[in-house]
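Heads up: the structure comes next, in structure tokens.
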Amino acid sequence: MLRKTVRVGFLFFVVAMLAPVLVRSATVDWGGASWYTASRAPSGLAPQPEAEPRAVVQVYAARTFGWRGVLAVHTWMITKTEGAPSYRRFDVVGWGGGRKVRENFGAPDGFWYGARPELLLDLRDEAAARLIPSLHQAVADYPWANAYRSFPGPNSNTFMAHVARSVPELGLDLPPTAIGKDYRQLSDPIGRPPSGRGMQLSLMGLAGLIVSPEEGFEVNFLGLSAGLDLKDPAFRLPGWGRIGPGPRSDKP
């Protein structure tokens with residue numbers, strides 16, 4: 001009886017995780033656009049350096065290209081010190097040889113192969129200036145700088161999770177669609193979640209959970225994350241991101 005109950009419970013859990021993804025897939029335009037013609041133009045979300053002399057830190061997310069966009073976003077960070085004439089953009093890109101951490105791979109706030117970016121975090125002035133040296137050090141210390149694996153990681157979202165975890169003052173809450181954010185080595189399954197606050201248990205991003213004042217309660221299974229945000233009330237759903245009246249970090 002117990003074994004049957006466990007099987008039924010597990011089946012219900014799997015269906016509950018997959019259902020939002022299936023619904024999301026029905027809303028996507030599956031047009032035949034090519035990645036090499038998709039827009040990477042500036043979106044206008046980052047202030048022009050000449051119009052904003054103060055220090056700036058911003059974090060973006062945009063849906064990945066093609067069918068992966070049903071499930072996942074690509075995340076990156078830009079920084080600008082006070083008075084600097086330009087931004088520095090940092091993200092991880094899987095294709096191409098050599099180092100996967102790229103600087104200025106595209107426009108600071110550019111479309112990600114046709115997908116308009118969403119601003120996850122925006123710090124200005126002293127709040128940004130104080131963190132920029134630590135953020136740049138976290139980029140330099142990223143342990144998988146020459147490795148990339150789209151699933152379960154390390155990937156672009158693993159990179160942003162590492163940066164945010166290394167600098168908890170950033171207060172970054174990565175959306176549940178940032179697949180790869182929960183990737184941890186088998187030798188380090190327990191620690192801080194990406195926000196840097198609370199507790200995370202994760203088996204290489206394939207299964208785990210987060211309990212945190214930032215992320216709330218979140219369960220991860222095969223890269224799909226679902227949970228409940230109590231600080232800014234919202235559901236955290238696979239494929240959709242945050243759904244609720246609280247501030248949203250990821251819009252479909």
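So for the range 230-252 (the condition being in contact (Cβ under 8 Å) with a residue 60 or more places away in the chain, basic (Lys, Arg), assigned to a loop (DSSP other than H, G, I, E, B) and open to solvent by 20 Å² or more (accessible area, probe 1.4 Å)), does at least one residue qualify?
yes
Given the options Pro168, Pro154, Pro176, name the one that is more than 10 Å from the chain's Cα centre (by Cα), of a type outside the set (D, E, K, R) and under 21 Å from Thr64 (Cβ atoms).
Within the list Pro168, Pro154, Pro176, the selection yields Pro154.
Please work out which one of (1) surrounded by fewer than 24 Cβ atoms within 10 Å (Cβ to Cβ); (2) out of contact with any helix residue (DSSP H, G or I) (no Cβ under 7 Å at 6 or more places or on another chain) is the condition Asn220 fails and give its number.
Result: Asn220 passes all but (1).
Scan the range 116-138 for residues that are closer than 14 Å to Asp91 by Cβ and within 15 Å of the chain's Cα centre (by Cα) and jot them down.
Pro117, Leu120
So that you can scan it fast, the table gives a plain yes or no per residue for (1) touching a helix residue (DSSP H, G or I) at 6+ places or on another chain (Cβ under 6 Å); (2) open to solvent by 10 Å² or more (accessible area, probe 1.4 Å):
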position	(1), (2)
Asn146	no, yes
Phe151	no, yes
Met160	no, no
Arg165	no, yes
Pro168	no, yes
Ala178	yes, no
Tyr183	yes, yes
Pro194	yes, no
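The values are calculated or read from the model by the stated rules, or taken from the named source; none is laboratory data. Small disclaimer: the values here were computed from a predicted structure and weren't measured. Every residue, glycine as well, gets a Cβ built from its backbone with ideal geometry; the counts of neighbours run over all protein chains shown. Note: accessible area is taken over every heavy atom of the protein model, side chains too, but ligands, DNA and RNA are not part of it. Shrake-Rupley method; radii C 1.70, N 1.55, O 1.52, S 1.80 Å.
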